[in-house]
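Coordinate-derived values only; no laboratory data. Small disclaimer: the values here were computed from a predicted structure and weren't measured. Every residue, glycine as well, gets a Cβ built from its backbone with ideal geometry; the counts of neighbours run over all protein chains shown.
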Amino acid sequence: MYADLVYWQDDNGISTSTAFVSWLGKLSTHVDELVVFGRAHPEPGRADHELVGTGVRFVPLPYYESLHRISSVAAATVRSAARWGEELGRCDAVLLFGPHPYAALFGLQARFTHTPVVVGVRQDFPQYLAQRARGWRRLAALPTGHGLEFVHRRLARGGGVVAIGQEMARRYAADDTRVLTTGVSLVRPTDLVPLQDALSRPWPGGHQALVAGRLDPEKNPMLLIEVAKALKRTGPWRLVVAGTGSLAGELAGQVRAQSLQDVVLLAGRLDHQHLFELYRESTVLIHVSLTEGQPQVFYEAAAAGLPIVATQVGGVPAALAYGKRGLLVPPNDADAIAQAVSRLGADPALRAMIVEEAWEWSASETLDAQVARVVSFIEEIVCAAGQRPSRSSARHRLASIIRAIAA
């Protein structure tokens, strides 16, 4: 398995800043061995999420700080391809999350050896790049994103796609490609509050609106200043922001500059336990992204019985069943968010319907359920590939090429 993540290593193990590794840990319990590839940070350290699981083996790839640093990426690419090639002959299938240049390179190596390829895709990649790019790089972001997406889709031909959300499933559908539509839920059965408790939550309770997620450009966190002001005009609301990212400092500065310390609480990164405590004590979840796949926070909020208000972008409408599991609002519209929150308060029947629909969805999409479906899907791809030509001769050719390049 490859995804573009940076891992830290210390005496206690392997860790990364992304909770996605919890999903991988569960995946490992269904296979003999899960080989995880990722960039290894050169300095020892510890991140928030540990890579653990039965039969997980980590293969470190050379570190580069950013794809914008072309020389360091080029130097790391040859060694990364060599390490991938060394392991490829031992694997029954590869799962490549992208689009990403390394996913493309590793996928081509796998196709060369007739190793079954399953690609994973989480969001609209060209839009993701465009939202993160600044200055002259923005001009190149969309064509670059579309090019990498084209390669990612081609790698899936004859294999399979694990698509996060219905929007991505539609984009990657093809006659000769199997597609599994799923999500990335970290909800466990113990996280689900009883449905009756979810339906009987008081409104507005403590007037606490929760935002959970990364504070990066595509997540549009600076809009939260205007959201806080709009909510404040409707009542004694407090906006709690759980998460961190590249815009965390700028957001904190704006909170101070506009004297919103009594309205906006920046809680920082929280572990699973404390985040779920926030879900259970809050009134509503607000999601303001500019581009999105299928956010895992929706599963978590729904499990706690927390109604959702979210921007109508990317895979969000499908994730929220086009309004049945949460209220949808236009992007970049703080007043529309405040109005949607007020609508939830004014219509208890609507609120109950939304909470119940979302809770039942989350209960059917737990971590265990999703991973079991993904494993069954990959097994189908591997079984189908068993009817194709032998991989042994291609593996030998690839091994010879890799040895020559590495030398």
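Expressed in nm to one decimal, what extension gain is obtained for the pair SER364 and PHE58 from 0.36 nm per residue of sequence separation less their Cα-Cα distance?
Net length gain for the segment: 107.1 nm.
Taking other Cβ within 10 Å of each residue's Cβ, how do TRP23, TRP84, TRP203 sort, fewest first? Don't skip to the end; give the middle numbers.
On the way: TRP23 18, TRP84 22, TRP203 13.
Ranked by crowding around the Cβ, least crowded first: TRP203, TRP23, TRP84.
For the ranges 337-343, 188-194, what's the packing order if you count other beta-carbon atoms within 10 Å of each residue, average per peptide, and put the highest first? Walk me through the numbers before you get to the answer.
On the way: 337-343: 20.0, 188-194: 14.0.
Going by the mean number of other Cβ atoms within 10 Å, highest first, we get 337-343, 188-194.
Using mean Cβ contacts within 10 Å as the protection proxy, how do 219-228, 90-99, 376-385 order, highest first? Intermediate results must be reported in sequence, preceding the final value.
On the way: 219-228: 22.0, 90-99: 20.4, 376-385: 16.0.
Sorting 219-228, 90-99, 376-385 by mean packing, highest first, produces 219-228, 90-99, 376-385.
Which ordering of ARG154, ARG256, ARG201 is given by a fewest-first count of other beta-carbon atoms within 10 Å?
ARG256, ARG154, ARG201
Assigning unit charges at the beta carbon (Lys, Arg +1; Asp, Glu -1) and nothing else, what dipole magnitude in debye, to the nearest 20, does the chain show about its Cα centre?
Numbers: 41 positive and 39 negative charges, 248 e Å.
In total the dipole reaches around 1180 debye.
Could you give the semi-axes, largest first, of the ellipsoid that matches the chain, computed as the square roots of 5 times the alpha carbon gyration tensor eigenvalues and rounded to whole Å? Each step should come with its number before you reach the end.
Values: eigenvalues 304, 108, 75 Å².
The answer is 39, 23, 19 Å, longest axis first.
Pull up the cross-link candidates among the lysines for LYS229, meaning alpha carbon to alpha carbon under 21 Å and not fewer than 8 places away within one chain.
Result set, ordered by chain and number: LYS219.
Region 368-385 to region 208-284: how many Å between their Cα centroids?
Centre-to-centre (Cα) distance: 38 Å.
For a protection proxy built on the mean count of beta-carbon atoms within 10 angstrom, sort 73-81, 313-321 highest first, please.
Highest-to-lowest ranking by the protection proxy: 313-321, 73-81.
Given PHE112, ILE14, PRO99, which one lies farthest toward the positive end of the charge dipole of region 1-127, if we put +1 on the Cβ of every Lys and Arg and -1 on the Cβ of every Asp and Glu?
The listed residue farthest towards the positive side: PHE112.
Is any helix in the chain, taking whole DSSP H runs, at least 15 angstrom long along its axis by alpha carbon and on average at least 0.0 on the Kyte-Doolittle scale, and which ones?
Length and hydropathy pass: 70-88, 101-112, 334-346, 348-364, 367-385, 392-406.
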